[in-house]
């Protein structure tokens, strides 16, 4: 049963690092964020589109951030952290989750663009609160528990010509 309708208010949260790593490692290509956003909204009413990115001081990242804004995303930017042992860490799990919970009273649907299984619990919470949760990710790298927790799953691998550049 399709429970989407044109008046549905949608928030799209894109885990850019997660999507980037699969697109690069499996396909050696980049994400088409315009196509991703268009599919996520699917003729509904876009309330917010947030892209969570990591600042690694790479030469092309500023133009990437600007392109995301031009497409319609607000960017959430976090610097990569380097520890004394040389290891690096940068993730947006907590930030994305807090934004999703904060947006929940203002939307009907949250679309999580990620394959990270850490968001399965968030999906279950949002659904319990009456928010429809959809996930968009690459089938080969999306956690099974995330797919099961979401109301709907869009496998980006099923249409790489559309979702990859």
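The values are calculated or read from the model by the stated rules, or taken from the named source; none is laboratory data. Here the structure is a predicted model, which is why all the values come from computation and not from measurement. Don't worry about glycine lacking a Cβ; one is built from the backbone with ideal geometry, like all the others, and counts go over all protein chains shown.
Remarks
- In segment 124-147, the residues that are farther than 22 Å from residue 21 by Cα and either touching a residue at least 40 places away in the same chain (Cβ under 8 Å) or part of a helix (DSSP H, G or I) (or both): 124, 125, 126, 127, 128, 132
- When residues of segment 113-134 are limited to those that are surrounded by fewer than 20 Cβ atoms within 10 Å (Cβ to Cβ) and closer than 13 Å to residue 8 by Cβ, the one farthest from the chain's Cα centre (by Cα): 130
- Unmet requirement for residue 88, which otherwise passes all of (1) at pLDDT 95 or above; (2) in contact with a strand residue (DSSP E or B) (Cβ under 7 Å, 6 or more places away or on another chain): (1)
- Scanning segment 28-39 for residues that are over 15 Å from residue 68 (Cα atoms) and crowded, with 17+ Cβ neighbours inside 10 Å turns up just one, 39.
- Identity of the residue in segment 16-32, touching a strand residue (DSSP E or B) at 6+ places or on another chain (Cβ under 7 Å) and assigned to a helix (DSSP H, G or I), that ends up farthest from residue 93 (Cα to Cα): 27
- Within segment 51-67, the set of residues being touching a helix residue (DSSP H, G or I) at 6+ places or on another chain (Cβ under 6 Å) and either in a helix (DSSP H, G or I) or within 21 Å of residue 107 (Cβ to Cβ) (or both) comprises 51, 52.
- Residue 110 being within 20 Å of residue 11 (Cα to Cα) and either surrounded by 16 or more Cβ atoms within 10 Å (Cβ to Cβ) or in contact with a helix residue (DSSP H, G or I) (Cβ under 7 Å, 6 or more places away or on another chain) (or both): yes
- Inclusion of residue 93 among residues that are closer than 30 Å to residue 151 by Cα, modelled with pLDDT of 95 or more and touching a helix residue (DSSP H, G or I) at 6+ places or on another chain (Cβ under 7 Å) is not warranted.
- Single residue of segment 44-58 satisfying the filter (surrounded by fewer than 21 Cβ atoms within 10 Å (Cβ to Cβ), without any contact (Cβ under 8 Å) to a residue 40 or more places away in the chain and farther than 18 Å from residue 91 by Cβ) that is nearest to the chain's Cα centre (by Cα): 46
- The condition of being farther than 14 Å from residue 18 by Cβ and at pLDDT 85 or above does not hold for residue 82.
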